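Let me begin by presenting the structure, written as structure tokens, before commenting on it.
The values are calculated or read from the model by the stated rules, or taken from the named source; none is laboratory data. Remember, predicted model here, so these are calculated numbers, not experimental data. Here the Cβ positions follow ideal geometry from the backbone for every residue, glycine too, while neighbour counts run over all protein chains shown. SASA here: full protein model, heavy atoms, side chains in, ligands and nucleic acids out. Shrake-Rupley method; radii C 1.70, N 1.55, O 1.52, S 1.80 Å.
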Amino acid sequence: MPSRESTAQLLVEGKNDQHVIWALCKQHNVEETFTVETPNNDSGGIGSLLNSIPVRLKIPRLKALGIVLDADQNLEARWQSLRSRLEESGYNNLPISPNADGIIIYIPEKPKVGVWIMPNNRLPGILENFVAHLIPEGDELVPKVENILQDIENDSLNRYPFNKRPKAFIHTWLAWQETPGQPMGQAITAHALNHLAPIATSFVDWLRRLFGEA
Amino acid sequence: MLRDLKIENYRLFHQFEINSLAGVNLIVGNNNSGKSSLLEAIHLLTSDETRSSLIYILSERGEVSSGMLDPRIDRFRTGGYQISQIFHDRLITLGQYADFQSHFDKAMSLRIVLQESHPQKTNESDQLTLFEKDEIVDDIVLGGNAEFLVFERHGNGADTQRESLRITEDGVVIDNRSSSIRRVSHPKGKSRLLTTNYIGYDELAILWDRITLTPKEDKVVEALKILEPLVDRISFTSSQTSNSGILLRLKGENDPIPLGSMGDGMRRIMAIIASLVSVEKGTLLVDEIDTGLYHGALTDMWRLVLETSAKQDAQVFATTHSWDCVRAFQQALDKFKDPEIGRLIRLEKFGNKVNAILYSADELDIAIEQGIEVR
């Protein structure tokens, strides 16, 4: 059974996104006017998230739906596949490419829709790239992490594929903090990561515009 | 089969439109969003006896006016059915109307309109056949200022058919049978409306007469088996209550068991399937289809409804409030050879307007799999 009736929902790809966003909202005192939802099934993945969008846009009394997804290798392609789902649901006149500060779409008598493509609506990448931008400026461990990844890659010792490198990076960095191996969300709460980084502020701004007067 | 429907001025619907109807349609929505009214509208449009269907609807809703002394005629007036509620603004004024239309698969329409005079002089005793009574509804009883509720039906290129009911100026269809209003029986024909009211022996017996000793009987036994796997045969006796008059033979038992001893769900599921097998190429409308059925029985109930509906070429519209019932519908559809036979429809009130939101079988799969609210 659907857990609760929520008329403002932020749809994200998985648990990690959920925890990072909850932690950021807490640090920025964002009002809890929306729930953060995941596709919530085993098959999971971007496909079931995209397919669920037309169904979610029909949720009774829904006022706003935010969608956070990874650009992965190709931001344009990701945006196009999302765009076509939104057009199916009657959202026309969508921008050709996403705005840097996140998209918000208003159509009369329809829920407001917001889109944020990780990391920053401009570059390819994933949630972990976004979180890497929260590492305090001039951090001395960053070049060390970079070197060690380079080293093992040069020796072909890395077991991660290239597209998972940002995960290897951020989790290596997190392994070397005061509380080694904290999950990303907790590292934000513990201020090991900087929630005031420009990318975080921009993201929180987008959330506020989307859900603030929802 | 109805593919689309337009309703104007009937109860909650000021202007209402729905397209892409399917073979089996499950309707959800908040209280007072128009679910029952939608079933009634479809019943009126698809009924073979529109006037009887309207009286049946009023009777099932309890929209009656009791007998009273009418000072204008200084005479006791018998009770009747109050029609004002069927109009969107609930006013009894000349020209007041309710309109029902469908264009596909075949064009048909029904208009119920209040007129001062009889549209065409037809036999006065027409009205009386409705109540199976030979007493005359005279002008004195009607207070001399009677109006006519006229039913105009178009369809299939045929001429307009007109029928009428006399009503008092305050909108009452007089029932001459007695001063207390009895529940009326279901009109004959290929459109059946199952309300949430208790289904009595008489109704089931009438259906059963045309089912017994035909292959349809097996479907009804199959329906009862969903709740009681040991049911083997059904029999109606002369004891005319649905509790003691309908007997079931259970495998391994020597004595038959009265239906009434087995819980409301048994009578309900029997009524649903007995009605469905009785409306070949017709329409079945069921209000709160899961009433009395435990959630474990719902998927089997839907499976049987889907199969039987496809086999009978009968269209089904049912309502529910329950997530279990929606999920059971999806599970039954998922295993059915042609899931596109099913559609979920949510009615949503938006100010004075009712909107219909449709979910295909695929969309329903996603909603159930990801726990997305549809009601």
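Calculated from DSSP H runs of 4 or more alone, at -39500 (n - 2.57) each and per residue, what is the 222 nm mean residue ellipticity of chain A, nearest 500?
-13000 deg cm²/dmol
Given a Förster distance of 41 Å, report the FRET efficiency between B:ASP264 and B:LYS106 from their Cβ-Cβ distance, rounded to the nearest 0.05.
0.65
Any of B:LYS281/B:LYS337; A:LYS26/A:LYS167; A:LYS15/A:LYS144; B:LYS190/B:LYS349; B:LYS225/B:LYS335; A:LYS15/A:LYS63 with alpha carbons more than 26 Å apart? Name them for me.
Flagged as over cut-off: A:LYS15/A:LYS144; B:LYS190/B:LYS349.
If you average the C-alpha positions of segment A:31-88 and of segment B:300-375 separately, how far apart do those two centres end up, in angstrom?
Between the Cα centre of segment A:31-88 and that of segment B:300-375, the gap is 23 Å.
Calculate for chain B the 222 nm mean residue ellipticity that helices alone would give, adding -39,500 (n - 2.57) per DSSP H run of length 4 or more and normalising by residue count, nearest 500 deg cm²/dmol.
Calculated from helices alone, the mean residue ellipticity at 222 nm is -8500 deg cm²/dmol.
Please list, in order along segment A:103-110, the HN-Hα scalar couplings obtained from phi with the Karplus expression 6.51 cos²θ - 1.76 cosθ + 1.60 (θ = phi - 60°), rounded to whole Hz, x for Gly and Pro.
9, 9, 10, 10, 10, x, 6, 10
Compute the FRET efficiency between A:ALA175 and A:ILE96 as 1/(1 + (r/R0)^6), taking r as their Cβ-Cβ distance and R0 = 45 Å, and round to the nearest 0.05.
The value I calculate is 0.65.
With r as the distance between the Cβ atoms of B:SER239 and B:GLU116 and R0 = 60 Å, compute the FRET efficiency 1/(1 + (r/R0)^6) and round to 0.05.
My answer for the efficiency is 0.75.
Need one number: buried accessible surface between chains B and A, 1.4 Å probe, both sides summed, DNA, RNA and ligands left out, in Å² to 100.
1600 Å²
Using amide H atoms built in the peptide plane, which far-off residues or other-chain residues are under 5 Å from B:ARG233 H to H?
Amide H to amide H, under 5 Å and 5 or more residues apart or across chains, B:ARG233 pairs with B:ARG249.
For chain B, which whole-number percentage of the solvent-accessible area (1.4 Å probe, protein heavy atoms only) is attributable to carbon and sulfur atoms?
Carbon and sulfur: 46 percent of the exposed surface of chain B.
How far, in nm, would the chain grow between B:LYS225 and B:GLU169 when pulled straight, counting 0.36 nm per residue and subtracting the alpha carbon separation?
Gain on extension, B:LYS225 to B:GLU169, equals 15.0 nm.
Any chance you could check segment B:347-364 for residues losing 20 Å² or more of accessible area when the partner protein chains are in, compared with the chain on its own (1.4 Å probe)?
Buried on complex formation: B:GLU348, B:PHE350, B:TYR359, B:GLU363.
Share of antiparallel DSSP beta bridges in chain B, in percent to the nearest 5?
Around 75 percent of the beta bridges assigned by DSSP in chain B are antiparallel ones.
For a test of the definition: using alpha carbon positions, the gyration tensor, and the 1.5 limit on a/c, classify segment A:1-99 as rounded, prolate or oblate.
Since a/c stays below 1.5, the shape of segment A:1-99 is classed as rounded.
What spacing in nm lies between the two simple spin-label points modelled at B:LYS335 and A:ALA190, each 7 Å away from Cα in the Cβ direction?
Taking the simple label geometry, B:LYS335 and A:ALA190 are separated by 5.0 nm.
Which of the listed residues, A:ILE170, A:THR33, A:ASN74, is farthest toward the dipole's positive end in chain A, when Lys, Arg count +1 and Asp, Glu count -1 at the beta-carbon?
Positive-most Cα among the choices belongs to A:THR33.
So what does B:MET1 come to for accessible area, using a 1.4 Å probe and Å² rounded to 10?
Around 90 Å² of this residue is reachable by solvent.
Using only the heavy atoms of the protein chains and a 1.4 Å probe, how would B:LYS349, B:LYS188, A:LYS15, A:LYS112 rank by accessible area, largest first?
The residues order as B:LYS188, A:LYS15, B:LYS349, A:LYS112, largest area first.
So if I take the centroid of the Cα atoms in segment B:264-287 and the same for segment A:143-214, what is the distance between those two points in Å?
What the calculation gives is 60 Å, centre to centre.
In nanometres, what is the gap between the two model label sites at A:ARG61 and B:ASP4, each 7 Å from Cα along Cα-to-Cβ?
Using points 7 Å along Cα→Cβ, the separation is 3.2 nm.
Enumerate by residue number the chymotrypsin sites (Phe, Trp or Tyr not before Pro) in segment A:48-117 meeting two conditions: DSSP loop (anything except H, G, I, E, B), and at most 11 other Cβ atoms within 10 Å of the site's Cβ.
Answer by residue number: A:TYR106.
Show me, for segment B:317-322, the HN-Hα J-couplings you get by feeding each phi into the Karplus relation (A = 6.51, B = -1.76, C = 1.60, θ = phi - 60°), rounded to Hz, glycine and proline as x.
3J(HN,Hα) across segment B:317-322, in whole Hz: 10, 9, 10, 7, 10, 9.
With all protein chains present, calculate the accessible area of B:ARG233 using a 1.4 Å probe and round the result to the nearest 10 Å².
Surface accessible to solvent at B:ARG233 totals approximately 140 Å².
Just the accessible area per residue of chain B, please: how many Å² with a 1.4 Å probe?
Each residue of chain B exposes 43 Å² on average to a 1.4 Å probe.
Going by amide H atoms built from the backbone, whose H comes under 5 Å of the H on B:GLN15, apart from near neighbours?
When sequence neighbours closer than 5 places are left aside, the close amide H contacts are B:ASN9, B:VAL354.
Quick check for me: using +1 on Lys/Arg Cβ and -1 on Asp/Glu Cβ, what's the dipole size of the protein assembly as shown about its Cα centre, in debye to the nearest 20?
280 debye
Under a point-charge model restricted to the Cβ atoms of Lys and Arg (+1) and Asp and Glu (-1), what is the dipole moment magnitude of chain B relative to its Cα centre, in debye to the nearest 20?
220 debye
Between A:ASP205 and A:GLU87, with labels modelled 7 Å along Cα→Cβ, what's the label distance in nm to one decimal, could you check?
3.0 nm
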